[in-house]
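**Q** Here you go, one structure.
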Amino acid sequence: MMSENEEKELLASGHRMCAGCGEGTAMRAILKEAGPNSIATVATGCLEVTTTAYPQTAWEIPLIHAAFENAASVASGIEAALKQMDKKGETNILSFAGDGGTFDIGFQALSGMFERKHNVTHICLDNEAYMNTGIQRCSSTPYGASTTTSPSGKESIGEDRPKKPIARIAGAHDIPYAATATIAYIDDLKKKVNKALKADGPAFLHVFAPCPTGWRHGSDDTIELARLAVETGVFVLWEAEDGEICDIKITKKPKERKPVKEYLKKQRRFAHLTEEHIEKIQKEVDEKCEQYGF
Amino acid sequence: MGEQKGLTIQGNMATALGAKLSRPDVIPAYPITPSTLFPEKISEYIADGELDASMIRVESEHSAMSACIGASASGARACTASASQGIALMHEMLFIAAGMRLPIVMAVGNRALSAPINIWADHQDSISSRDSGWLQFYAEKNQEGLDLMILAFRIAEDERVLLPAMVGIDGFVLTHTVEGVKAPAQEDVDDFLPPYEPPHGKLDPEEPMTFGSLGTPEYYQELKYDQTQAMENTPEIIDEIFDEFEERFGREYNRITPYKCEDADIILLTMGSMSGTARAAVDEMREEGEKVGLAKLTVFRPFPGDLLKEIAGDADGLAVVDRNISPGFGGAVFAESAGTFINENRSPLMKNFIVGLGGREIFKRNFKEMYEKTKEAVEAGEVKKPVEWINMDEDVMR
């Protein structure tokens, strides 16, 4: 399926992302799907820092970066302004933030934007820690990951809390569209971007994007890890339409789930885990998958 | 010229009416005492079909300013209202609005900052955002609140300025106090304030631009210099627009307004609603033969040092009255006034009086006391105690 925007790159090459950065792959696909009639806000973070260094910009669509915690509020203002000033409502309004800017510091602004029913699609590019500031843990960091503020050690397993289920929390705002996606399944990602933008009201897209620098994996393993996350059940792909958060649809169900060990062992942030720890993580993933019905 | 309609209204209604007459497109707002009536009135105007605008009932003041930034960058005329903790919460975004050169206007119901929590008047909230790059106007009465809102939009949106502006009215003393005002006719305001069209582009898919770039050390300082130059070029633009306003609407505004200053030995420098009380005190002291004058600050940012030098340069004493305090130095107006005279061959002796914090009343006798204390310093030829707190309750202090 080739959309009309397939030819045009809206995130110019020459940005300053790390080699193998999952966000770059995600952004390329997302912006192609959104097309040039779009306006974006971006929270402070890797995406912003690597694409907007004055006097250059990698953005071929209008972009505004204001601060860390308010991409969704800035987007609310844009949406209200366009609506008020007699625009036809055909311009897509996208709000981008990382996991820190979505799960943690940006959560209040996001919840407010959802509640007020702005026609904005918020896209969280999740690399599971504060990567821009140097791999500090946040509420998206999974259990067992060693980060610079949850280091593994004699007395520490690394991060000792489970990942916050942000997409389910977003969906619980009864918004018309909430979904999870990953860069390993670009068609699925694009389809979801399309649905999110077409939704009549706020939409949320949680995009899983591995980070070679923070996860300490090979830059050629990014897509492989994104796929393994789905194949092991660590990251579940689903969507909820029309606010039906209790009736989510699994969009990619692995025929046979691979052991989580295959996912964990490729990343040095999990290198310290013992067999016992891995078993515990496996058990938790099994329980979660059961909840999701597979 | 249409007829100006006489109304008897509270200060918040006056600033809300000033905003309404300025035809804002987007008003993101969050309620906070004592400025709450502003978003209430705006909501009412919209509900009654009197104002065609989009109100965003945001979940915090931080989001109020963030949404103003998004709306203004989209080419909308954006305004909001806040006070105290609300301004503290949006502090981060004030710098960003100014750095992006977005002419957002905010009505402030000036109120003390916690702790202890206090909902009453002082200037600590907006004074604490002095360095954010916003123009700052302070009203003495409700009429000024109304007019300054219209003026703030016009000045902020001037292509030579492009800076956000706040208009302060003292909490309760003005926000909740009913006074007579004259409201300009809508068509006259429309004539004075044309629709906002950002001169350097906006968020527009037809001409994509990036706002809020990363400014590395190779560029940051020059970008800040540009922004600061815009502020420094503003005084004569403000004077020009104040003059035009007076011609059109018959009310005079000055960055500093002198009163009985020509032959004054000692001048009181005030800001906000206290100026009315100070003027009455000056009149009484003049009757007693004291050579005292009053200089009222309407524009705090950019600080009108040029006018202060003209007005007070020949006086013997300047009593700077601050309704704010920077612990470890003194009041903000005092610091700025002292800085104004630092390289002058002649400077009045200066005393700083801290008054009216957290809604403490300011009486005529307090201004007389400030005058006396300044006169003593002038007669002694030295200022022993530069900063003094006035109208302290000895019982509470014990």
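Values quoted throughout were computed directly from the atomic coordinates according to the rules given, and no laboratory measurement underlies them. As the structure is a prediction and not an experimental result, all values here were calculated from the model. Because the Cβ atoms are built from the backbone with ideal geometry, glycine has one as well, and the counts that use them run over all protein chains shown.
**Q** Taking the alpha carbon gyration tensor of segment B:256-397, what are the square roots of 5 times its eigenvalues, largest first, to the nearest whole Å?
**A** One finds semi-axes of 20, 18, 15 Å for segment B:256-397.
**Q** Under 1.5 on a/c is rounded, so check that first for segment B:1-140, then, if it is not, pick prolate when a/b is larger than b/c and oblate when it is not; a ≥ b ≥ c are the square roots of the alpha carbon gyration tensor eigenvalues.
**A** Values: a/c = 1.60, a/b = 1.20, b/c = 1.33.
It is oblate, given that a/c is not under 1.5 and a/b is not larger than b/c.
**Q** Report the paramagnetic label zone for residue B:221: residues of segment B:77-110 whose backbone N is under 20 Å from a point 7 Å from Cα along the Cα-to-Cβ axis.
**A** Output list for this probe position: B:99.
**Q** Segment B:314-365 to segment B:250-304: how many Å between their Cα centroids?
**A** Cα centres, segment B:314-365 to segment B:250-304: 13 Å.
**Q** Averaged across the residues of B:72-78, what count of C-beta atoms belonging to other chains lies within 10 Å of each residue's C-beta?
**A** Per residue, the number of nearby Cβ atoms from other chains is 6 on average.
**Q** So, one more: Applying 1/(1 + (r/R0)^6) with R0 = 60 Å to the Cβ-Cβ distance of residue A:174 and residue B:379, what FRET efficiency is obtained, to the nearest 0.05?
**A** Working: r = 74 Å, r/R0 = 1.23.
Taking R0 as 60 Å, the efficiency between residue A:174 and residue B:379 is 0.25.
**Q** So, in nm, how far is label residue A:90 from label residue A:283 when the simple model puts each one 7 Å beyond its Cα toward the Cβ?
**A** 5.7 nm
**Q** Also, I was wondering about something else. So, by mean Cβ neighbours within 10 angstrom, what's the order for B:270-280, B:156-166, B:354-364, B:137-147 with the highest one leading?
**A** Averaged packing, sorted descending, gives the order B:137-147, B:270-280, B:156-166, B:354-364.
**Q** How large is the charge dipole for the protein assembly as shown, taken about the Cα centre, if only the Cβ atoms of Lys, Arg (+1) and Asp, Glu (-1) carry charge, to the nearest 20 debye?
**A** I would put it at about 2340 debye.
**Q** Same structure again: Net charge near residue A:41, counting Lys/Arg +1 and Asp/Glu -1 over other residues with Cβ under 13 Å of its Cβ?
**A** With Lys, Arg at +1 and Asp, Glu at -1, the neighbours total -3.
**Q** Average partner chain C-beta neighbours within 10 Å, per residue of A:49-59?
**A** Shielding by partners across A:49-59 averages 4.
**Q** I would also like to ask the following. Using only the alpha carbons, work out the radius of gyration and Dmax of segment B:136-289 in angstrom.
**A** In Å, with Rg to one decimal and Dmax whole: 19.7, 69.
**Q** Okay, moving on. First select every other residue whose beta carbon is under 13 angstrom from the beta carbon of residue B:235; then total the charges, Lys and Arg +1, Asp and Glu -1.
**A** Local net charge: -4.
**Q** Please compute the length gained on full extension between residue B:251 and residue B:95, using 0.36 nm multiplied by the number of residues separating them and subtracting their Cα-Cα distance.
**A** Stretched out fully, the residue B:251 to residue B:95 stretch lengthens by 53.0 nm.
**Q** If you count, for each residue, the other Cβ atoms within 10 Å and average over each peptide, how do A:71-78, A:198-205, B:13-20, A:176-183 line up from highest to lowest?
**A** A:71-78, B:13-20, A:176-183, A:198-205
**Q** Tilt of helix A:222-231 relative to the longest C-alpha principal axis of chain A, in degrees (0 to 90, nearest 10)?
**A** With rounding to tens, the tilt is 70 degrees.
**Q** Roughly how many nanometres apart are two label points built 7 Å out from the Cα toward the Cβ at residue B:228 and residue A:220?
**A** Once both label points are built, they end up 5.2 nm from each other.
**Q** Going by C-beta contacts inside 10 Å, put A:33, A:79, B:369, B:394 in order with the fewest on the left.
**A** In order of increasing Cβ crowding within 10 Å: B:394, B:369, A:33, A:79.
**Q** From zero outward in steps of 10 Å, how is the percent of C-alpha pairs of chain B spread across the bins?
**A** Result returned by the calculation: 5, 23, 33, 25, 11, 3, 0.
**Q** Once you have the Cα-Cα distance between residue B:314 and residue B:236, take 0.36 nm times their residue separation minus that, and quote the gain in nm to one decimal.
**A** My answer for the length gained is 25.8 nm.
**Q** Quick one: which residues, 5+ away or cross-chain, put their amide H under 5 Å from the amide H of residue A:148? H built at 1.01 Å from N.
**A** Distant-sequence amide H within range of residue A:148: A:136, A:137.
**Q** Compute the Cα gyration tensor for segment A:151-294, then decide on rounded, prolate or oblate, letting a ≥ b ≥ c be the square roots of its eigenvalues: rounded whenever a/c is under 1.5, prolate when a/b is larger than b/c in the other cases, and oblate in all that remain.
**A** Here segment A:151-294 falls in the prolate category.
**Q** Quick one: angle between helix B:37-47 and the longest Cα principal axis of chain B, in degrees between 0 and 90, rounded to 10, please.
**A** It works out to around 30 degrees.
**Q** Given contacts defined as C-alpha pairs under 8 Å and at least six residues apart, what's the relative contact order of chain B, whole-number percent?
**A** 16 percent
**Q** Give the shape of the protein assembly as shown as rounded, prolate or oblate, defined through the alpha-carbon gyration tensor: a ≥ b ≥ c are the square roots of its eigenvalues, a/c under 1.5 means rounded, and otherwise the shape is prolate if a/b is larger than b/c and oblate if not.
**A** prolate
**Q** R0 = 35 Å: FRET efficiency of residue B:1 with residue B:159, Cβ-based, nearest 0.05?
**A** After rounding, the FRET efficiency stands at 0.85.
**Q** Of all DSSP beta bridges in segment B:242-299, what percent run antiparallel (nearest 5)?
**A** Working: 4 of 10 bridges.
Counting DSSP beta bridges with both partners in segment B:242-299, the antiparallel share is about 40 percent.
**Q** Considering only the other residues whose Cβ falls under 11 Å of the Cβ of residue A:152, what net charge follows from Lys and Arg at +1 and Asp and Glu at -1?
**A** 0
**Q** Of the DSSP beta bridges with both residues in chain B, give the percent that are antiparallel, rounding to the nearest 5.
**A** Given both bridge residues lie in chain B, the antiparallel proportion sits at roughly 25 percent.
**Q** Continuing with the same structure: Could you work out the mean count of beta carbons from other protein chains within 10 Å of each residue's beta carbon in A:107-116?
**A** For peptide A:107-116, the averaged partner shielding equals 4.
**Q** Just grab the label-to-label distance for residue A:8 and residue B:8, each label 7 Å out from Cα along the Cβ direction, in nm (one decimal).
**A** According to this spin-label approximation, the distance is 6.1 nm.
**Q** Using a 10 Å cut-off around each Cβ, can you sort A:15, A:122 from fewest to most neighbouring Cβ atoms?
**A** Listing A:15, A:122 from fewest to most nearby Cβ atoms yields A:15, A:122.
**Q** Continuing with the same structure: Between 0 and 90 degrees, rounded to the nearest ten: what's the tilt of helix B:234-249 against the longest Cα principal axis of chain B?
**A** The angle comes out at about 80 degrees.
**Q** For residue A:198, go through the lysines and keep the ones whose alpha-carbon is under 26 Å away, minus same-chain ones fewer than eight residues off.
**A** Result set, ordered by chain and number: A:8, A:32, A:83, A:87, A:88, A:117, A:190, A:249, A:252, A:253, B:202.
**Q** Please order A:65, B:91, B:200 by the number of other Cβ within 10 Å, starting at the fewest.
**A** B:200, B:91, A:65
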